[in-house]
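One structure is given below, encoded as C-alpha cells.
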Amino acid sequence: MYASVLRNDSISNPPSTAHDSPSVFAIQGLECWYGTHQVIRKVSLIIPERRITAIIGPSGCGKSTLIRCLNRINDLIPGFRMSGHILFKGRELDDPAIDPLTIRLKVGMVFQKPNPFPKSIYENVAYGPRIWELHRDRRLDDHVEKSLRKAALWDEVKDKLGQNALTLSGGQQQRLCIARALAVEPEVLLLDEPCSALDPIATGKIEELLLELKQRYTLVIVTHNMQQAARVSDETGFLLMGELIEFGPTEKLFTTPGDSRTEAYITGRFG
Amino acid sequence: MEIAHQHATKRRIGERVISIGLACCGGLSILTTIGIVAVLIVETVAFFRHVPMWRFLTDTQWTPLFANKHFGIAPLVAGTMLTSTIAIAVAMPLGLLTAIYLSEFAKEGVRQAVKPLLEILAGVPTVVYGYFALLFVTPLLQRLIPQLAGFNALSPGIVMGLMIIPMVASLSEDAMYAVPQGLREAAYALGSSKLQVSLRVVVPAAFSGIAASLLLAISRAIGETMIVAIAAGQQPRFTLNPFVPVETMTAYIVQVSLGDTPTGTLEYNTIFAVGMTLFLSTLLLNLFSLWLRERFREQYA
C-alpha cells in the first residue's frame, strides 16, 4: 500500500554523480524559511545511492534544516515554508498525492540526542513494524533481532530485551535508535549529528556501523565534526549561512577545496 | 579589608535571619497538620473506647443519631465510593481526551485560550454545583430514569465528575506537554500519524503524571462535601444502587456539625472517627500516587 506511491517507474533518474551511482535525492533550488527568517538559500545537490553524504558547516548554517526537508519532518514545525524541488527517486517529494507518512517509511532518521521511547528495548525496535503492521509475533521477534544485529547492538542487549531502553548508555541508546529506524526497512537513513552527544569510543562504534550500513542504505549525515566527515563520508557538502558553498567527493573537498571559504573552514579558521 | 569583613559578617547574619524566618513559615504548616492529626487521633480513640473497632468495620448500619444506635461505617464508605466512582467515570475519559486534544492537536493559540477557561470551571463554588445537581441535573435525569429518587448518588456523582474534569485535564495536559519533543519527532520519523504519536508515545511517556492526576482527582472526589451534602440525600444506606438517596462520609460530618450535638458525647465523637477514615483513605491514595510517580518516574530530563 505504501510502496506503490513511491515506486520509481514513470520518471527516469536525474543525472547521476561522477561515481555513476544512481541518485536518491536530487535537490534543486531549495529555499527554506522559518517565518520570515530564511535558513536555506538556493541549494542544489544530488545525493547518490548507497554512499555516505556528509553535510558540514558551522552551527546555524542550516544543515539540520536541509536534511530535515528530506523526510518532510519540517512540515511539523509551525511557520516552516520551503520552495524549490526535492526529487526522491525521481518523484517530487511534496507531491500532494504522496502521504508524508509513507516518505518516512522509506527515509528514516536518527537524531542528535538519543531519543529512545521510555519503553523496553524490544518495544523500541518493534514500534515501527507494529504501527505499519509489517510483522507479527514470532516473525516480529526475528525482525527485532535482525534490526538490532544490523545496528551492532544485539550482543549487548540480547539478554535484556525487556529492560527499559533508558537504562542503556548513551552510545547504546543511539545504536538502539538506529536499530529502531532500520526496523521499518527504509532505503535512506538521515543522521542529524548522531555522535555529538557521545564520547569518542561510542562515536567510533557508530562510525564503524555507518561504514557497514553503507552496503545497503543511502546515508546522509550532518556533522559539525570535520574529521568525522572526512573519516566516513564519500561526498561532502559545505554549507555556510544557508548557502551550499561547495559539494563534491570528500577527498577532494578536504585536500583541494575549490572555494576559499571552504578552505578557511576546514583549516579551522572559523566555525 | 576590615570593611569587607564587616560586610561579610552582616550578610551572614542577614542570611541566617531569613533562613530561620523561612523555616518558621514551613514549620507552621507542618505543625498545623500535626495538630489536626493529633485531635483526630485523640477523639477517634475516645470513640473507639465506646464502640469496638470490629463493629465499626463490620456493622452494615449507621444510625448514631437514633435511639437504636449502630456504628457501621460501611454505608458511608459505600456512599462515598459510589459517588466518587461515578465522578471519576465521568472525569477520566473526558479529562484525558481534553488533555490529549490540548496537548497534541490544538493550535498553540487555542491551547492558550482554553486552559484558563478550564481553570475558571475549577473556580466555581461547589455549592453552586450542588444546587446545579439537585435542581437541574436530577430533574433532567428523572425524565430518562423514572425510578430515580429526588436525592440520589448518580446526579451529584456526574456533577462532581464535571467539576474535576479541569483538574484531570489540566494536570494530565501538563504531563503530556512536558514529554520531550524529541520523542514525538522520533515517532513521526518512523511514519506515525498524529493519533499514533499521541496514544502510543505521548500518553505512555506521561503515564506517571496522568496517573497522579487521576489519583488526585479521586482524592478530591472523596473529600468533596457540598455537592453530595446537597444532592445525594442524608440517608446512610448500604447500597451500590445509584438511584436512591445515600450519605457520604463528608455529608455525615456536615449533618452532625450543623446539628446541635453537644461536644464530648459519643455522637460528637463519631464525626472524628468518620473524619479519620476519610483522612486515612485520602492519605493512602496520595501515597499510592507518590509510589506510582516514583515507579514510573520519567528518566529523561
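How many residues are outside any helix (DSSP H, G or I) and within 12 Å of chain B (Cβ to nearest Cβ) if we restrict to region A:164-179? Quick ask: steps written out before the conclusion?
Within region A:164-179, the first condition is being outside any helix (DSSP H, G or I), and the residues that meet it are A:164, A:168-169.
Then keep just the ones that are within 12 Å of chain B (Cβ to nearest Cβ); that gives A:164, A:168.
Summing the residues that are outside any helix (DSSP H, G or I) and within 12 Å of chain B (Cβ to nearest Cβ) in region A:164-179 gives 2.
Hey, does region B:28-46 have a residue that's touching a Leu at 6+ places or on another chain (Cβ under 6 Å) and modelled with pLDDT under 95? Looking through region B:28-46, none of the residues is touching a Leu at 6+ places or on another chain (Cβ under 6 Å) and modelled with pLDDT under 95.
I need a count of the residues in region B:49-99 that are surrounded by 15 or more Cβ atoms within 10 Å (Cβ to Cβ) and under 20 Å from B:THR239 (Cα atoms).
Step one: filter region B:49-99 for residues surrounded by 15 or more Cβ atoms within 10 Å (Cβ to Cβ), giving B:51, B:56, B:59, B:61-62, B:64, B:69-88, B:90-92, B:94-96, B:98-99.
Checking the rest, the ones that are also under 20 Å from B:THR239 (Cα atoms) come to B:56, B:59, B:61-62, B:64, B:69-88.
Matching residues across region B:49-99 total 25.
Okay, residues lined up against (1) of a type outside the set (Gly, Ala, Ser); (2) free of Cβ contacts under 8 Å to residues at least 40 places away in the same chain; (3) closer than 16 Å to A:LEU213 by Cβ:
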site	(1), (2), (3)
A:GLN112	yes, no, no
A:ALA126	no, no, no
A:LEU134	yes, no, no
A:ARG139	yes, yes, no
A:ARG149	yes, yes, yes
A:ASN164	yes, no, no
A:GLY170	no, no, no
A:ALA179	no, no, yes
A:VAL184	yes, no, yes
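Taken over region A:9-41, the criterion of being modelled with pLDDT under 50 and surrounded by 14 or more Cβ atoms within 10 Å (Cβ to Cβ) is satisfied by A:ASN13, A:PRO14, A:SER16, A:THR17. A count restricted to region B:17-48 and to residues that are without any contact (Cβ under 8 Å) to a residue 60 or more places away in the chain and either assigned by TED's automatic domain parsing to the domain that holds B:THR263 or of a type in the set (Ser, Thr, Tyr) (or both) stands at 4. Of all residues in region A:153-195, those that are under 20 Å from A:ILE73 (Cβ atoms) and open to solvent by 50 Å² or more (accessible area, probe 1.4 Å) total 2. Of the strands (runs of 3 or more DSSP E) lying entirely inside region A:33-130, the ones with 3 or more residues being of a type in the set (A, V, I, L, M), under 19 Å from the mean Cα position of the chain (by Cα) and within 14 Å of chain B (Cβ to nearest Cβ) are found at A:107-110. Selection of first residues in region B:199-223 that are over 14 Å from B:ALA175 (Cα atoms) and within 12 Å of another protein chain (Cβ to nearest Cβ) and of second residues that are crowded, with 19+ Cβ neighbours inside 10 Å and aromatic (Phe, Trp, Tyr), restricted to Cβ pairs under 8 Å at least 6 apart or on distinct chains, gives the following pairs, ordered by first then second residue: B:ARG200/A:TYR127.
Would you tally the residues in region B:112-137 being assigned to a loop (DSSP other than H, G, I, E, B) and closer than 20 Å to B:TYR177 by Cβ?
Within region B:112-137, the subset assigned to a loop (DSSP other than H, G, I, E, B) is B:123-125.
Of the ones still in play, those that are also closer than 20 Å to B:TYR177 by Cβ are none.
The qualifying residues number 0.
Looking at B:LEU280, B:LEU258, B:LEU195 in this structure, which one is out of contact with any helix residue (DSSP H, G or I) (no Cβ under 8 Å at 6 or more places or on another chain) and within 14 Å of chain A (Cβ to nearest Cβ)?
Values: B:LEU280 fails: within 14 Å of chain A (Cβ to nearest Cβ); B:LEU258 fails: within 14 Å of chain A (Cβ to nearest Cβ).
One residue alone meets the criteria, B:LEU195.
Quick check on B:GLY27: is it open to solvent by less than 70 Å² (accessible area, probe 1.4 Å), on the phi < 0 side of the Ramachandran plot and in contact with a strand residue (DSSP E or B) (Cβ under 8 Å, 6 or more places away or on another chain)? No: the conditions fail for B:GLY27.
Residues that are small (Gly, Ala, Ser), within 13 Å of chain A (Cβ to nearest Cβ) and surrounded by 20 or more Cβ atoms within 10 Å (Cβ to Cβ) within region B:167-192 comprise B:ALA175, B:ALA186, B:ALA187, B:ALA189, B:GLY191, B:SER192, listed in sequence order.
The rows are residues; the columns are (1) among the small types (Gly, Ala, Ser); (2) at pLDDT below 95; (3) under 22 Å from B:ALA221 (Cα atoms).
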site: B:SER103; (1), (2), (3): yes, yes, no
site: B:VAL114; (1), (2), (3): no, yes, no
site: B:PRO125; (1), (2), (3): no, yes, yes
site: B:ILE145; (1), (2), (3): no, yes, no
site: B:VAL159; (1), (2), (3): no, no, yes
site: B:PRO166; (1), (2), (3): no, yes, yes
site: B:SER172; (1), (2), (3): yes, yes, yes
site: B:MET176; (1), (2), (3): no, yes, no
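B:ILE120 - would you say it is under 24 Å from the mean Cα position of the chain (by Cα), under 28 Å from B:LEU102 (Cβ atoms) and surrounded by 19 or more Cβ atoms within 10 Å (Cβ to Cβ)? Explain how you work it out, then say what you get.
Numbers: under 24 Å from the mean Cα position of the chain (by Cα): yes; under 28 Å from B:LEU102 (Cβ atoms): yes; surrounded by 19 or more Cβ atoms within 10 Å (Cβ to Cβ): no.
No, not satisfied.
The values are calculated or read from the model by the stated rules, or taken from the named source; none is laboratory data. Computed from a prediction, not measured in an experiment: that's the story for all the values here. In this analysis, Cβ positions are derived from the backbone assuming ideal geometry, glycine residues included, and neighbour counts consider all displayed protein chains. In case anyone asks, the SASA skips ligands and DNA or RNA and just uses the protein heavy atoms, side chains included. Shrake-Rupley method; radii C 1.70, N 1.55, O 1.52, S 1.80 Å.
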